[in-house]
Amino acid sequence: MPDTTKTREEILSGIIETEAALNKIQDVDVLMEQILVESRKVVRADAGSIYVRDGDRLAIHYAQNDTLQRQLPPGQKIVYSFFSFPINEKTIAGYSALTKQLVNEPDVYQISPDKPYKFGRQSDSVSGYRTVSNLTIPLQTSNGNILGVLQVLNALDEEGNVTSFSKDDELYISHFAANATVALEHAHLTRSMVLRMIRMSELRDPKETGPHVNRVSSYAVEIYDRWAFNHSIDENESRKFRDTLKIASMLHDVGKVAISDLILKKPARFTAEEYRVMQGHTWLGARLFNEIESPIDSVARDVAMTHHENWDGTGYPGHVSLSDGSSLETDPATGRARGLSGEEIPIAGRIVALADVYDALSCKRVYKEPWDEEKVLAEIKSLRGTKFDPAVVDAFFEILPSIQSIRDRFPDVEES
């Protein structure tokens, strides 16, 4: 949080340094979460939310609250419910997006009756938190498009007491939002490129849908965050890795573009030979990232190659050549490539393996109905130490409410 003894110029200089770091984040979701963190620091806000525009509505993407966070055990995150609302004058965030104006309310319970918007008190009622001051600003591109809305709540003075946001805070948050929006535009370009690859996969494989990859990648980041906390991973290291993991895990099944439609679109279980062919999507996908030019290439290759490996070594494809899938190390018992086991499997692959299976079991497929949640969780527990890394399973169950919230946020689209 800014030191009040600093000059305005020093604070703005610090904001610029923060913005330079934001520009290095490549995934749009990870970036939005970090924008909320950093913007709250800039104006000493106890809480805040970031909303993303989806047509004529705003949808919440992240919410943070230091007061409520301190009430949780270390390493646990606040679980918030996904919701959206119209862009209109009735809410503060909607009004800000509609008018493209900053809103600064010193007390949301005392909003002037001549203003068109009101504060929705339901979240305060449910959480027991008392919102007072509110500073809201649209995230607006240089050509006037609204990407979303940034909202920070309850400014704190030096003693930690809630106060109103000042005119200087308006200056700082405006400067921050303008430059953060530039970083968001860059991240959207990266996401757009990834989604093109996924849409290409979806044309081939009806299971490879947008909701599926959004769920799996979001599960993976949440599991990694808890795993990293449990293993005391350096915060800077984990922040960088979660950025690459989010993008890489979206591409876990991209190799399916090289598999025949006769197999991909078969509305039944595979024969043994079809299953063997299908297993090739791992090394075929990894081969797309064989020329390592960025951290994303490296992690994407790991994920594509190893998300079907098992902790006990019984998975696939095992030790094979990326050029043609031929065995590099043969298991004498099976005559096939020896599977990777334990920590031979990169952590990204171990995490996505669990995230992918949880999603597959929880969702409807052409050959199966979704399992109920109790059965899914029992299955994952039963595979701890055989199919899945025990530490990854432990992390999964420790953040299960977050996992379930993500599942609800990205439902499958029902076919008409």
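The values are calculated or read from the model by the stated rules, or taken from the named source; none is laboratory data. Note that the structure is predicted; figures quoted are calculated from it, not measured. Every residue, glycine as well, gets a Cβ built from its backbone with ideal geometry; the counts of neighbours run over all protein chains shown.
Quick notes
- Count of segment 90-117 residues, restricted to those that are acidic (D, E) and either under 28 Å from the mean Cα position of the chain (by Cα) or surrounded by 14 or more Cβ atoms within 10 Å (Cβ to Cβ) (or both), is 1.
- The residues in segment 254-289 that are in contact with a Ser or Thr (Cβ under 9 Å, 6 or more places away or on another chain) and closer than 22 Å to P346 by Cβ can be counted, and the count is 8.
- Only one entry of S81, S39 meets the criterion of being out of contact with any Gly (no Cβ under 8 Å at 6 or more places or on another chain) and not basic (K, R), and that entry is S81.
- Among the conditions (1) in a strand (DSSP E or B); (2) touching a Lys or Arg at 6+ places or on another chain (Cβ under 9 Å), the only one that Y62 does not satisfy is (2).
- Residue in segment 218-240 that is outside any helix (DSSP H, G or I), buried (at least 20 other Cβ atoms within 10 Å of the Cβ), in contact (Cβ under 8 Å) with a residue 40 or more places away in the chain and of a type outside the set (S, T, Y) present: no
- Candidate set from segment 122-142 (those that are part of a strand (DSSP E or B) and out of contact with any Gly (no Cβ under 8 Å at 6 or more places or on another chain)); member that is nearest to L184 (Cα to Cα): Q140
- Of all residues making up segment 367-384, the number that are loosely packed, with under 13 Cβ neighbours inside 10 Å and either at pLDDT below 95 or not in a helix (DSSP H, G or I) (or both): 4
- Long-range neighbours under 8 Å by Cβ, at least six apart or interchain, first residue under 21 Å from L22 (Cβ atoms) within segment 185-198, second surrounded by 12 or more Cβ atoms within 10 Å (Cβ to Cβ) and polar (S, T, N, Q): E185/T141; H186/N23; A187/Q26; T190/Q26
- One residue stands out in segment 67-108 among those that are in a strand (DSSP E or B) and β-branched (V, I, T): the one that is nearest to F397 (Cα to Cα), namely T91.
- Members of segment 267-287 that are among the small types (G, A, S) and in contact (Cβ under 8 Å) with a residue 24 or more places away in the chain: A268, G280, G285, A286
- Qualifying residue in segment 387-401 (condition: outside any helix (DSSP H, G or I), of a type in the set (D, E, K, R) and buried (at least 17 other Cβ atoms within 10 Å of the Cβ)): yes
- Flag for L135 being under 26 Å from A178 (Cβ atoms), touching a residue at least 60 places away in the same chain (Cβ under 8 Å), assigned by TED's automatic domain parsing to the domain that holds E38 and in contact with a Lys or Arg (Cβ under 8 Å, 6 or more places away or on another chain): no
- Single residue of S112, S49 found to be assigned by TED's automatic domain parsing to the domain that holds S166, assigned to a loop (DSSP other than H, G, I, E, B) and at pLDDT 95 or above: S112
- Taken together, L322, L354, L361 contain a single residue that is among the hydrophobic types (A, V, I, L, M, F, W, C) and over 27 Å from I406 (Cα atoms), which is L322.
- With respect to (1) surrounded by fewer than 17 Cβ atoms within 10 Å (Cβ to Cβ); (2) β-branched (V, I, T); (3) within 27 Å of V79 (Cα to Cα), the lone exception for T314 is condition (3).
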